[in-house]
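Worksheet: the structure to be examined is printed underneath.
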Amino acid sequence: MSTVAREWREIPGRYNLEGTKCENCGSIFFPARDFCPKCRRAGIGKISRYDVCRRGKVFSFSIVHDAPDFNNMLKPYVVAMVQTDDGVMVSAQLVDVDLDKVAIGMPVRAVLRKLSADGASGVIRYGYKFVPDE
Amino acid sequence: MRDVAIIGVGVTKFGELWNKSFRAIGIEAGMKAMEDANLSGNEVDGIFVGNMSAGRFINQQHIDALIADYSGMATNHVPATRVEAGDASGGVAFRQAVMAVASGMNDVVLVGGAEKMTDLDDTSINAIMDSTADAEWEAGMGVTFAGLHAMIAQRMIHDGTATREEIASFAVNSHFHGALNPNAQFRKAITLDTVLRSGPVATPLGMFDCAPISDGAASVVLCPLEDAKKYTDSYVKVSAVAQASDTLSLSQREDITTYGATVAAAQRAYQQAGITAQDIQVAEVHDNYTVAGIMALQDLGFYKRGEAGKAVLEGRCQVGAGPVAVNTSGGLKARGHPIGATGVAQIVEIAEQLRGSADKRQVENAKYGLAQSSGGMGSAVTVSIMEAI
Ligand SMILES: [Zn+2]
């Protein structure tokens, strides 16, 4: 049950993999953080926008057979932890893929897809999923 | 700081208790613990309750007030505090209570843990569990709680630190003990084949890799160690209560096949107690998924990385079979997992073991027992150590 405002404010991250970077230590954050957990006080005021690389490799995965809400209609579906080429770990769905062919190390890229359609408020949520990068 | 003792324990049967309400099970466990401690009720000067999500499970917030009221403590205006830390709610509530007695702020404290889950449908319950990880960036992206644990298992298998069979065997160990515990939800031993052939939930994990949905409550009574004899001859000493945190989301970790919070909490606990992992004879670990149980045995220092699975598969974690008996209560898998109750039920089991009242699942001559309670993806972990007197 998501309000429109709650969905709207996350659009930069969810549509475009927009994160942040600490200019003090070089750490990249996705989802975006306004406070660097490594530099803490020394990083204040030094956090800037950073667009995460949309290509990466499957670090781990699972085929989900039991899921709540909208995703219940999609099951079985693949979830993966993807390590992007700039070293960020992103958890998301892996689509347009043969369930038998998913493997650790497989190259993938981010695409924009429908995440869910919320019955009560009518908000359709969009965001990143990954597809095989052939 | 004062030394603290557990002077009473109580637990309800765990399972689908369709004819019992949240307040009924909460009070049942508390009454048993008070009776066990030989209290009249007037001695209690503080209450801590572990509860994860009564607001969503039964649409009741303010569980602290409800428990104070129905336990008769509200007439004495005893302060009551509800603690939430995902699956670790009970473990953290216990630690808060120990600190209250150790500090001298309270003298006799009632700790409770309770959850009533089965009034809700399974789909809604799973959505609530998913929200103990990162609701926005994991659950919100379709990555379920089971899926996250499955990805840990997948990675362990890939790295060669555990096989599918070794991971699955954790459920066999839990059920072996559950069969010996009259309060367990499942009192039936199972074979490895049952786990491996159970319907898929999130590959490689199946139905029998997952703890069930349960109702239940557990309770313990604490007082200063020096006062314990005033109430009972059957008490145990709390030697350590440590807690540690980690990132909310699994994807933010350097290594997903270890829980850094378990490692940190264990180190702090062993230091507090002045012992090492090798001094522990009985342990209750948080096996909400089989793979989490395997990780816990390594993170707590009982086995090196890559060796816990082998020990479990060979049956070395069963009562009397190895250096440390694991989840003699049946663990979360077989005893049941009413979220807020779980961390307190672990303390109950360790206290029973150290008092020598664990009946058919009794570990002989146990001196030290440990309980590990983990919230979400190991984002909050408590490690408590108890010592026989
Ligand atoms: Zn920094």
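The values are calculated or read from the model by the stated rules, or taken from the named source; none is laboratory data. In this text the structure is predicted, and so the values were computed from the model without any measurement. Ideal geometry is used to build each Cβ from the backbone, glycine not excepted, and the neighbour counts take in all protein chains shown.
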Matching residues, segment B:321-348, being out of contact with any Phe, Trp or Tyr (no Cβ under 7 Å at 6 or more places or on another chain) and outside any loop (DSSP other than H, G, I, E, B): B:325, B:326, B:331, B:332, B:333, B:339, B:340, B:341, B:342, B:345, B:346, B:348
Which numbered condition residue B:212 fails, given (1) more than 21 Å from residue B:17 (Cβ to Cβ); (2) within 14 Å of chain A (Cβ to nearest Cβ): (1)
Enumeration of residues in segment B:318-344 that are farther than 16 Å from residue B:222 by Cβ and aliphatic (A, V, I, L, M): B:319, B:321, B:324, B:325, B:326, B:332, B:334, B:339, B:341
Which listed residue, of B:318, B:298, is farther than 30 Å from residue B:109 by Cα, part of a loop (DSSP other than H, G, I, E, B) and touching a residue at least 12 places away in the same chain (Cβ under 8 Å): B:318
Residues of segment B:359-378 that turn out to be surrounded by fewer than 24 Cβ atoms within 10 Å (Cβ to Cβ) and either outside the structural domain of residue B:281 (by TED's automatic domain parsing) or assigned to a loop (DSSP other than H, G, I, E, B) (or both), as a count: 6
Selected residue (criterion: nearest to the other protein chains (Cβ to nearest Cβ)) from residues of segment B:96-139 that are over 23 Å from residue B:5 (Cβ atoms), under 21 Å from the mean Cα position of the chain (by Cα) and not hydrophobic (A, V, I, L, M, F, W, C): B:126
Number of the exception - residue A:61 against (1) within 16 Å of the ligand (Cβ to nearest atom); (2) part of a strand (DSSP E or B); (3) not β-branched (Val, Ile, Thr): (1)
Strands (runs of 3 or more DSSP E) enclosed by segment B:23-127 - at least 2 residues per element that are in contact (Cβ under 8 Å) with a residue 60 or more places away in the chain and crowded, with 16+ Cβ neighbours inside 10 Å: B:46-50, B:109-116
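If I filter segment B:254-273 for residues that are charged (D, E, K, R), in a helix (DSSP H, G or I) and more than 14 Å from every other protein chain (Cβ to nearest Cβ), do I get at least one hit?
yes
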Filter pass, residue A:100 being away from the ligand (no atom under 16 Å from the Cβ), facing another protein chain (nearest Cβ under 8 Å) and closer than 27 Å to residue B:198 by Cβ: no
Conditions (1) in contact with a helix residue (DSSP H, G or I) (Cβ under 6 Å, 6 or more places away or on another chain); (2) near the ligand (Cβ under 10 Å from one of its atoms): number failed by residue A:38: (1)
Strands (runs of 3 or more DSSP E) within segment B:136-249 that include 3 or more residues touching a residue at least 40 places away in the same chain (Cβ under 8 Å) and surrounded by 24 or more Cβ atoms within 10 Å (Cβ to Cβ): B:215-224, B:236-245
